[in-house]
1. State yes or no: is residue 35 part of a strand (DSSP E or B), within 11 Å of residue 86 (Cα to Cα) and touching a Gly at 6+ places or on another chain (Cβ under 9 Å)?
2. Counting only residues that are in contact (Cβ under 8 Å) with a residue 40 or more places away in the chain and surrounded by 16 or more Cβ atoms within 10 Å (Cβ to Cβ), how many does the range 31-58 have?
3. Given the criterion part of a strand (DSSP E or B), out of contact with any helix residue (DSSP H, G or I) (no Cβ under 9 Å at 6 or more places or on another chain) and at pLDDT 90 or above, identify the matching residue among 83, 62.
4. Only one of these conditions is not met by residue 26: (1) assigned to a strand (DSSP E or B); (2) in contact (Cβ under 8 Å) with a residue 40 or more places away in the chain. Which number is it?
5. Based on what the data block shows, is residue 5 surrounded by 18 or more Cβ atoms within 10 Å (Cβ to Cβ), modelled with pLDDT under 90 and either outside any loop (DSSP other than H, G, I, E, B) or basic (Lys, Arg) (or both)?
6. So is residue 13 over 19 Å from residue 60 (Cα atoms) and either of a type outside the set (A, V, I, L, M, F, W, C) or modelled with pLDDT under 90 (or both) or not?
Amino acid sequence: MDVAQSPPALSLQEGASSTLRCNFSTFADSVQWYLQNPGGRLIHLFYVPSGTKRDGRLNATTVPAERCSSLHISSSKTTDSGTYFCAVQHSAPQAPAASTQTLRGLSPSSSHSHTVRPPQGICSA
């Protein structure tokens, strides 16, 4: 199974919102999202086999028929900085596949930074 995430890296202004996308090549039994913070700690964010789950400023949506999942971050904070992992598992006998995205050091709202707007569809390119 191939797993691809986009964008591979981005920087946001504190308070901005963005969506990270995960596309996979075959039907998935489960999709999980993780964050590895700059200190190296791995944090499990969501288990989303299908539908949408929300936790505070984060929500994750998986659409199995479209072979995609997305993680939306609202009102970003500096504590959101780190590497985001999308892990996808298929019931066929093979190892789980994963891909990564890095959300680089969020800048205070007073400084200049590139802001990425969320896409119209959850899995659109």
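The values are calculated or read from the model by the stated rules, or taken from the named source; none is laboratory data. Keep in mind it's a predicted model, so treat the numbers as computed, not measured. In this analysis, Cβ positions are derived from the backbone assuming ideal geometry, glycine residues included, and neighbour counts consider all displayed protein chains.
1. Values: part of a strand (DSSP E or B): yes; within 11 Å of residue 86 (Cα to Cα): yes; touching a Gly at 6+ places or on another chain (Cβ under 9 Å): yes.
Against the criterion (part of a strand (DSSP E or B), within 11 Å of residue 86 (Cα to Cα) and touching a Gly at 6+ places or on another chain (Cβ under 9 Å)), residue 35 qualifies.
2. 5
3. Numbers: 83 fails: at pLDDT 90 or above.
That would be 62, the only listed residue that is part of a strand (DSSP E or B), out of contact with any helix residue (DSSP H, G or I) (no Cβ under 9 Å at 6 or more places or on another chain) and at pLDDT 90 or above.
4. For residue 26, the failing item is (1).
5. On the way: surrounded by 18 or more Cβ atoms within 10 Å (Cβ to Cβ): yes; modelled with pLDDT under 90: yes; either outside any loop (DSSP other than H, G, I, E, B) or basic (Lys, Arg) (or both): yes.
Yes; evaluated as a whole, the condition is true for this residue.
6. On the way: over 19 Å from residue 60 (Cα atoms): yes; either of a type outside the set (A, V, I, L, M, F, W, C) or modelled with pLDDT under 90 (or both): yes.
Considered against the rule, which asks whether it is over 19 Å from residue 60 (Cα atoms) and either of a type outside the set (A, V, I, L, M, F, W, C) or modelled with pLDDT under 90 (or both), residue 13 comes out as yes.
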